[in-house]
Every structure is written in structure tokens, then in C-alpha cells.
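All remarks here apply to the structure that follows.
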Amino acid sequence: MDFYLDFEATQFKSNIIAIGCSCEYGDFDCLVRPPRKDHITPFITNLTGISKEMGKDALDAEEAFNDFFYWISIILMDNPEPSFFHVYGDMDKIFLEKTAQQIVDKELKKQILTLAESLIDDSIKVRKYFNVKSIGVHQALSYFKPNLSEQTHDPLDDAILLKDLMDFIYISQPPETCPFPEKEAHKPEPIEEIIIPKKNYYIKTRHSNDPKAKPHTFYSYKEAINWAWSKIKHNHPEAQYKTVEKKVVKAINKKTTYLGWYFDKINVEEENLNE
């Protein structure tokens, strides 16, 4: 059973002031009275339509969440199956955790915190589906419903929007190109291929500051890379082999230093001619 949730909360203390939930068997909608030391600001009223007066007349958090969990239990009683709770983004979890702090009933507080931990953030799937960095539910749904009405930020309406969006995403293939180019996620740059030449040569190290340091001789790029890797991995276990490989090849080809050493590539044929 998939339940789609949305919560509205106070501006500064993130206490829940409205609960919206939708599933295939019905909807739940409830206003929640904020604690005495918190209040509904004009900003929240303009965003959600929930006024300070409406908040004063609402159920307190304990009554509201008791009703909410009772409604869920009735749905599951008639339809016994695993339940999944979907939200969009990470704010709803924060709202639940903040609201749980004012709950006196230990069992109810535990239920709220358990719900917070079980939330499934559908924004991850949506971003991947459209290949975007970020996108709101309303804009994402407009891809499937071009004539979608303006978003109201009513929690039940937003929960229904999310349910509709995920219904479309579950049954359809992602678009071949991002339909929201201004939000398109940057594709990772391809890793530069390192081409190691096959020539009659050897590589000899030379310390950049200590002329008495014992040089090392390698008969392939791979040997030189492995030597540098063995030096760095003990002190820097987070280092990546590919990174070391790239830096050694650059030091050889560009005649620069790495780890305090020059890596001189000596062509055997040229060496023989000089002799």
C-alpha cells in the first residue's frame, strides 16, 4: 500500500500545521494547531492559505496524529499489505522530527519518529527520470499534464499531485532528452584515457632536491606507477589508483615532478647512439 504524504509547517520552528495524505482507498486532510511558543506567520499564510486563526481552531498535534494513524490503521485493516510512505524532498522528515518533540504520549511520539525514518523520498526517482538537478512536483507533473492548474500548496492537493506524478513515472519510459533543459543535470566528463606508449625505453627517477637519493629504474610506465602507488597508499588510503596513474604519466610526459621525484624517460636507441 502506497501512502503519499505532504506536511505544511511553521516558518521558523518547523512544527507541523497541516497533514495531507492520499492513497488509492481514500484521502486524509487535517489542520494542526502549533505550540503556544510558535505561530503561523504571514509568509506561511500567503503560501498555504492557512491563517493564524485557522491554526488556533485546529486539533493539537497529539489529537491530529492520533486521528491520522487511526485512519491508516482502518485502511490497512481492510487491505492488509505492506505499507510505504512517500514524500517529496527531505523537509517532511524534519517536520515530523520537530513535531515529535512536543508530543507527550511516548507511544505516539515513537510512531511519529518511526514514520519519519520510513519515508521514501520520491524526488530522487523523479530527478533521475528527467535527468535534472532539481524540480518541483508541480512542474514535473506538467510534463504529463500540460494544462495542470496552478499549485495551491494545500497539503492534500500536493499529496495527490505526488501520487499522480509517481503513477505516470511507474508506467512510462523516461524521455530520451531532458524536457526541462534549464534544469538538466550535467553529465560527468568522460575520464581521460591514458595511453601508455610502447617503446624501447626505461624510466629512471631523480629526486628533485636530494642529489644523493638513490634513483629507481623501471622498464615500463606500469612499474613506475605501481612504485608511486606503493609510496602514497600507506599515508593516504583514500587516494585513487587512477589519480596516481594520471599524475605519474603527466610527470613523465611533461617532465615535471611527482612525490618529489622526476621520472626521466630514456630512449634506449638514443642512449646507444650517444655512446
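Structural remarks
- Sparse-neighbourhood loop sites, GluC sites (Glu not before Pro) in the range 1-109 - DSSP loop, at most 15 other Cβ within 10 angstrom: GLU24
- Straight-distance crosslink candidates among lysines, where the alpha carbon sits under 19 Å from LYS93 and sequence neighbours closer than 8 are dropped: LYS13, LYS106, LYS109, LYS110, LYS125, LYS163
- Hydrodynamic radius (Kirkwood) for the range 126-170, which is based on Cα pairs only, to one decimal in Å: 10.8 Å
- Pairwise FRET efficiency - TYR219 versus PHE168, Cβ, R0 = 45 Å, nearest 0.05: 0.15
- Alpha-carbon geometry of the range 85-144: the Rg and the Dmax are 14.6, 44 Å, given in that order.
- Largest GNM mean-square fluctuation across HIS236, HIS39, HIS86, computed for the chain with C-alpha springs under 10 Å, falls on HIS236.
- Qualifying lysines (Cα of each under 29 Å from Cα of LYS247; at least 8 residues distant if same chain): LYS187, LYS198, LYS199, LYS204, LYS212, LYS214, LYS222, LYS231, LYS233, LYS255, LYS265
- For the chain, built as a Gaussian network whose Cα springs stay under 10 Å, the top-fluctuating residue of VAL249, VAL32, VAL126: VAL249
- With at most 12 other Cβ atoms within 10 Å, longest stretch of the chain clear of loop trypsin sites (Lys or Arg not before Pro) (DSSP): 38-132
- Debye equation applied to the C-alpha atoms of the range 75-232, log10 I(q)/I(0) at 0.10 Å⁻¹: -0.64
- Gaussian network model of the chain, Cα within-10 Å springs - most flexible of VAL244, VAL132, VAL87: VAL244
- Rotationally averaged projected area of the range 2-182 (alpha carbon convex hull; nm²): 11.1 nm²
- Considering only THR205, TRP229, ILE266, the residue lying farthest towards the positive end of the dipole of the range 201-274 is TRP229, judged by Cα position with unit charges set on Cβ.
- Between helix 91-100 and the chain there is an angle of about 60 degrees, using the helix long axis and the longest principal axis of the Cα atoms.
- Cleavage-rule hits (chymotrypsin sites (Phe, Trp or Tyr not before Pro)) in the range 25-93: DSSP loop, at most 13 neighbouring Cβ within 10 angstrom: TYR25
- Under a model in which nothing but the beta-carbon of Lys, Arg (+1) and Asp, Glu (-1) is charged, the range 77-227 shows a dipole of about 1580 debye around its Cα centre.
- At most 13 other Cβ within 10 Å, DSSP loop - chymotrypsin sites (Phe, Trp or Tyr not before Pro), the range 114-191: PHE144
- Set the Cα radius of gyration of the range 201-274 against 2.2 N^0.38 Å, with N its number of residues, and you get 1.12.
Here, each number is a calculation from the coordinates, and none is a lab measurement. These figures come from a predicted structure and were not determined experimentally. Positions of Cβ are backbone-derived with ideal geometry, glycine not excepted, and every protein chain shown enters the neighbour counts.
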